[in-house]
1. Calculate the radius of gyration of the Cα atoms of segment 129-216 to one decimal place, then report Dmax, the largest Cα-Cα distance, as a whole number, both in Å.
2. With the dipole of the chain worked out from charges on the C-beta (+1 for Lys and Arg, -1 for Asp and Glu) around the Cα centre, which of Phe76, Pro170, Phe103 lies farthest toward the positive end?
3. On the principal axes of its Cα set, how long, how wide and how thick is the chain? Give whole Å, largest value first.
4. Using each residue's phi in segment 143-148, evaluate 6.51 cos²θ - 1.76 cosθ + 1.60 at θ = phi - 60° and report the 3J(HN,Hα) Karplus result to the nearest Hz, with x for Gly and Pro.
5. What is the log10 of I(q)/I(0) for segment 2-124, computed with the Debye formula using one identical point scatterer on each Cα and no solvent, at q = 0.15, 0.20 Å⁻¹?
6. GNM on the chain, C-alpha springs below 10 Å: top fluctuator among Phe103, Phe76, Phe115?
7. Could you identify which residue out of Gly25, Gly210, Gly148 has the top mean-square fluctuation in a GNM of the chain using Cα springs shorter than 10 Å?
8. Convex hull over the alpha-carbon atoms of segment 44-115: what's its volume per residue in Å³?
Amino acid sequence: MTDAPGSSPSAAKKRLRLGVLVSGGGSNFQAILDAIAAGRLDADVALVISNIPAAKALDRARAAGVPWKIIDHKPFLKREEFDAALVESLKEAGVEWLVLAGFMRVVTKVLLDAFPMRVVNIHPSLLPAFPGVRAQRQAVEYGVRVSGCTVHLVDAGMDTGPILAQATVPVLEGDTEDTLRDRILVEEHRLLPEVLQWVAEGRVSVRPAGPEATGRARVVVAGS
Ligand code: GRF
């Protein structure tokens, strides 16, 4: 008996090989795992690396049976040397796209050059507002009425790369950093896997910086 057209192993759809960098709880990493398990994300986590040995995200990796590794940043004298160690492991695992899912380290050119315009970050504010650490606290302290999250490509700046997608949430009277964080996280967990699926479908491309006033590179998402 022969296989039906399109059903042979060679015709199987290629799945995106993701690397994920984490430092903490890993709820966004979990959202990626859940989307893969539910068939909403045509990808596999080829490797997750934590720079924090006790990160809860590693328990999630163990529970899901995905390859994981600890690379502690502390013994490295320079950020570039730490990044070179990350790149070596990620390349060895065959990673194609890299996700920073609560990775609390500034990345260098060493990492970005290894995955040009293929590093995705999720940030808990509507960039370019409130880049950097404790974005939710910045939003509450400023008194904005709307905040949210941003999924963007990583460039050499601090949360400055081309934006892939954003989602908004209201900032309510009496909100604290924690209550706003929880409301934003709900959107993060929905948006990040959705954007990664666009990548898996080959719909994401980058239009280089043009002559417009900002001179910024932009993401183009086909079919949206
Ligand atoms: C998220 O708020 C994400 O936007 C930010 O770090 C946090 C990570 O949370 N970059 P988790 O580790 O995914 O739970």
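Only the coordinates and a few stated rules stand behind these numbers; no lab work does. Since this is a predicted model, take the numbers as computed values, not measurements. Note that we place each Cβ from the backbone using ideal geometry, even for glycine, and neighbour counts take in every protein chain shown.
1. Gyration radius and largest Cα-Cα distance of segment 129-216: 14.8, 44 Å.
2. Result: Phe76, furthest along the dipole toward the positive end.
3. 67, 45, 38
4. Rounded to whole hertz, the list is x, 5, 9, 9, 9, x.
5. -0.67, -1.11
6. Phe76
7. Gly210
8. On the way: hull volume 6.0 nm³, N = 72.
Enclosed volume per residue, from the Cα hull, is 83 Å³.
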